[in-house]
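The structure appears right after this line, and notes come after that.
The values are calculated or read from the model by the stated rules, or taken from the named source; none is laboratory data. Predicted model only: the values in this text are computed from it and were never measured. A quick note on method: Cβ atoms are made from the backbone with ideal geometry, for glycine too, and the neighbour counts reach across all protein chains shown.
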Amino acid sequence: MKHTLYSKEHASFLRRRKQRLILVQVLRLGVLALLLGLWELVTACGWVDPFIMSSPSRIAATIASLAADGSLFYHIGVTLWETLAGFAAAVVLGFAVALVLWWSETLRRVLEPYIVVLNALPKIALGPLIIIWFGTGSEAIVFMTILVGLIVAIMHVLSAFIATDPGKLLLMRSMGASKAQILQKLVLPSAYPAVISMLKINVGMAWIGSIMGEYIVSRAGLGYLIVYGGQVFKLDLVMSATFLLCLLAAGMYALVVLLEKILVKNTDA
């Protein structure tokens, strides 16, 4: 049951909290505007060579040029598809593997050292093998994205499963609960915060994986623009693609935060 009436003290607290949130948002935008303004100023005054550092105005002009010739949304679409596909596959596979390892303690003890080694392995070292296995298309980039995020997903979710309160586990077992019931009623609900945290971390890992893959082998995408811009010394193109990556990564992270708020709201309802 939702309460719509609040005491004066509670209403005052909610109002102050809302004001603080608004202040934080305004200050964030202010800091961003200040940094962009200083960046534009130092390049416009010649204190820093704009060829090396670019500038907000040059970045805006480059993005407008890419949009005008129709290549902007094509490159964004390629990288976005590769990132989302790799992110989704890594999360689903990571959750499934973590579930299997939690279910079988023997299997977990056997495979745990290998998981640790794979997590420590620099994924870029597998680049030549990935090209041989998957060719030079988007499949190789998606696989690299999965590879970067999969072990992170497994370790976070598995750690959350294992960290379930032992007292509650003992209580459910003493009441005759099956392993499936323990998983459904106790382990999964208690692992919810860790799963959300894993999603937030894997947003960044997915972008790292897709751009890393585009560095190795790509014919389109924002990573391709960065590599191409560096090769021909078009640093405005490099900075523009990097700026777009920041926007896309922030938007994807915001969607995960929104999902978290929706789930929390539905849980409290």
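Inside segment 38-135, counting only helices (runs of 4 or more DSSP H) that do not spill past its ends, which hold 2 or more residues that are more than 19 Å from the chain's Cα centre (by Cα), in the same structural domain as ILE226 (by TED's automatic domain parsing) and among the hydroxyl-bearing types (Ser, Thr, Tyr)?
Qualifying helices (runs of 4 or more DSSP H): 56-68, 71-103, 105-120.
Answer yes or no as to whether LYS185 is of a type in the set (Lys, Arg), in the same structural domain as LEU255 (by TED's automatic domain parsing), at pLDDT below 85 and surrounded by 16 or more Cβ atoms within 10 Å (Cβ to Cβ).
no
Select from segment 93-106 the residues that are free of Cβ contacts under 8 Å to residues at least 40 places away in the same chain and surrounded by 13 or more Cβ atoms within 10 Å (Cβ to Cβ) and list them in ascending order.
Our first condition is that a residue be free of Cβ contacts under 8 Å to residues at least 40 places away in the same chain; within segment 93-106, this holds for 96, 100, 104-106.
ALA96, VAL100, listed by residue number.
Pick from SER218, SER159: which is in a loop (DSSP other than H, G, I, E, B) and either outside the structural domain of THR83 (by TED's automatic domain parsing) or of a type in the set (S, T, N, Q) (or both)?
On inspection, the qualifying residue turns out to be SER218.
Applying the selection to segment 122-141, what residues are surrounded by 15 or more Cβ atoms within 10 Å (Cβ to Cβ) and farther than 19 Å from VAL78 by Cβ?
LYS123, LEU126
Against the definition (within 20 Å of MET212 (Cβ to Cβ), part of a helix (DSSP H, G or I) and touching a residue at least 40 places away in the same chain (Cβ under 8 Å)), how does LEU248 come out, yes or no?
yes
Just to check your reading of the model, which residue among ILE76, ILE63 is surrounded by 15 or more Cβ atoms within 10 Å (Cβ to Cβ) and touching a helix residue (DSSP H, G or I) at 6+ places or on another chain (Cβ under 6 Å)? Talk me through it step by step, then tell me what you get.
Details: ILE76 fails: touching a helix residue (DSSP H, G or I) at 6+ places or on another chain (Cβ under 6 Å).
Result: ILE63 is the single residue among ILE76, ILE63 that is surrounded by 15 or more Cβ atoms within 10 Å (Cβ to Cβ) and touching a helix residue (DSSP H, G or I) at 6+ places or on another chain (Cβ under 6 Å).
Quick one: which of MET198, MET239 is at pLDDT 85 or above, crowded, with 17+ Cβ neighbours inside 10 Å, in contact with a His (Cβ under 6 Å, 6 or more places away or on another chain) and not basic (Lys, Arg)?
MET198
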